[in-house]
Structure formats: C-alpha cells, structure tokens
Amino acid sequence: MTSAWKPLECLLTQCPGKTMISKPMEQALLTQLNREFSSAYIYLAMSAYCSHLEFNGAASWFKLQYEEEHLHATRIYNYLVEQGVHVVLGEVACPPSDFGNLLDVFNAALTHEQSMTSLLNDLSDHALKEKDHATYNLLQWFVNEQVEEEATLGGIISKLKLVKDDGYGLLMIDNELGARQTATTAA
Ligand SMILES: [Fe+2]
Ligand SMILES: [Fe+2]
C-alpha cells in the first residue's frame, strides 16, 4: 500500500491519536468545552443564590440557563468525539456564592456572556485562519446564540433598572422570569 492511502486507512480503522482537526484547534475547543461547563456551574450558583433570596422565578430562569449551557458543552463534546478527539476533561472553576441584589446577578450574567462572546469570536478567527470550515460552522452557531443571550439579558436588566427597589415591580419581573419554559433564551 502506498503512503498516500495511509490517512484513509487510519480513518477507517479509527487510528488512536489521529484527528481531523489540528492540535491547536483541538486544544482551543477543549478549553471552550470547559468554559461551557463553567458557565453552567456559574448559572447554577446564580440559581441557588436567587432561591436563597426567594426570587423563585429568577431561580427557575437561571436553572434553565444552567441546562442551556450544559447543552452547549454537549454540542462541543459531540463535535470533538466525531472529529476523533480523545476528550480529556479538566477541572471546573468554583463559582461565587454571593452576587448582590437581583440587578447585580443579571449584570454579572451579562458581563459573563460578553466575555464568552469575545472568546468565541477569537475562536472563530482561529478556525478561519486554519481554513477549518467545519469548526467555523460549529462556532457560528455559538456566535449567533451569543447575540440572543446578550439581548435577552439586556432586556431583563432594562426592566430591573426601571423598577429599582420597588417590591411589587420586582415581584412582577420575578413572575415573568418564572414563566420561561425551555433551556433556550428565546422564550
Ligand atoms: Fe454557552
Ligand atoms: Fe451562554
């Protein structure tokens, strides 16, 4: 058999260590996988904190956000496995336990999403530079998702700024947040 056939042979036999994406891209996606789990963990901590404050609608909203980030992590995990990568999981950072008032919680969530958007944009640039169009396509889904997440959080923050410390207003917003049904922000 000529050497030209070796890559195909390798793919057919699922040769260990042979992936369809570059090592730097593999490492970058493994880092992003960890960030998605970390996001999930932060949102679960926010949910717990809102429960502690007895904002049960917000707690439910953040619980769904936690599930959504879990789905993001799974999407990257599945992609890496399909690309033949041996996924080695890392530690997930410990999230804070106190986030201030309800507006502070949502501001922290927006700041977090903005930093994720920036990192995902960098990752997309990386994929384009490598002409790795499969990974670029995967990342475009995430980039679009970020637009939606930031818009949703911005809308909630605007309402919270309007009501300030008004108890009735906060109760109304908490009820509205509790109406979210699914782990997608387009609720
Ligand atoms: Fe995410
Ligand atoms: Fe997110």
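Annotations
- Each residue in the range 67-101 was checked for being over 16 Å from R35 (Cβ atoms), free of Cβ contacts under 8 Å to residues at least 40 places away in the same chain and hydroxyl-bearing (S, T, Y), and 0 of them qualify.
- Number of the condition not met by K131 [criteria: (1) within 21 Å of the chain's Cα centre (by Cα); (2) not in a helix (DSSP H, G or I)]: (1)
- Condition met for A93 (surrounded by fewer than 13 Cβ atoms within 10 Å (Cβ to Cβ), over 18 Å from W61 (Cα atoms) and either among the small types (G, A, S) or within 16 Å of ligand 2 (Cβ to nearest atom) (or both)): yes
- Considering the conditions (1) buried (at least 21 other Cβ atoms within 10 Å of the Cβ); (2) without any contact (Cβ under 8 Å) to a residue 12 or more places away in the chain, D104 is excluded by exactly one of them, (1).
- Within the range 124-156, being touching a residue at least 24 places away in the same chain (Cβ under 8 Å), more than 12 Å from ligand 1 (Cβ to nearest atom) and surrounded by 17 or more Cβ atoms within 10 Å (Cβ to Cβ) holds for H126, A127, D132, T135, L138, T152, L153, I156.
Residues checked against (1) in a helix (DSSP H, G or I); (2) more than 16 Å from ligand 1 (Cβ to nearest atom):
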site	(1), (2)
L71	yes, no
R75	yes, no
N78	yes, no
H86	no, yes
G100	no, yes
N107	yes, yes
H112	yes, no
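Rule-based calculations on the coordinates, nothing more; no lab input. This is a predicted model, so every value here is computed, not measured. Glycine gets a Cβ as well: all are built from the backbone with ideal geometry, and neighbour counts include every protein chain shown.
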